[in-house]
1. Among the residues of the range 57-69, write down those that are within 10 Å of the chain's Cα centre (by Cα) and either charged (D, E, K, R) or loosely packed, with under 14 Cβ neighbours inside 10 Å (or both).
2. Say we look at the range 75-94 and pick out the residues that are of a type outside the set (A, V, I, L, M, F, W, C) and closer than 12 Å to residue 3 by Cα; which of these is surrounded by the fewest Cβ atoms within 10 Å (Cβ to Cβ)?
3. Give the number of residues within the range 1-11 that are surrounded by fewer than 16 Cβ atoms within 10 Å (Cβ to Cβ) and under 14 Å from the mean Cα position of the chain (by Cα).
4. Is the range 21-36 home to any residue that is within 26 Å of residue 65 (Cβ to Cβ), β-branched (Val, Ile, Thr), in contact with a helix residue (DSSP H, G or I) (Cβ under 6 Å, 6 or more places away or on another chain) and not in a helix (DSSP H, G or I)?
5. Among the residues of the range 43-56, which ones are at pLDDT below 95 and either in a helix (DSSP H, G or I) or crowded, with 16+ Cβ neighbours inside 10 Å (or both)?
Amino acid sequence: MTIYKADLGEGKAKDLSKKVSELITSLEGSVIENNFWGKRRFAYEIKHDTEGFYDVFVFDIEPSNINQLKTKLNLESGLVRYLISAQKRAKEEK
């Protein structure tokens, strides 16, 4: 999940979403699903902002590339927060 600054506007937030998607694929990952939720109000103030654009990604990437992804996300100025969590894979049928 990523949250972009509200003052970017929806168009630039979607552009940043595309950039994050390209970043994932550049690190040999694949984006399975991308849900842009739009502007939402925060439960509490984050970096003096009260709202932002939420974007949820489901992606597959090698664990060794996660630190590179985090480093590059930290450099994005339009990003307020991000959260990366592991999802268990479904057992494949034999």
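1. 58
2. This residue is 77.
3. Of the residues in the range 1-11, 1 are surrounded by fewer than 16 Cβ atoms within 10 Å (Cβ to Cβ) and under 14 Å from the mean Cα position of the chain (by Cα).
4. yes
5. none
The values are calculated or read from the model by the stated rules, or taken from the named source; none is laboratory data. Treat the numbers as computed from the prediction; the structure is a model and nothing was measured. For neighbour counting, all protein chains shown are included, and Cβ atoms are generated from backbone atoms with ideal geometry for every residue, glycine included.
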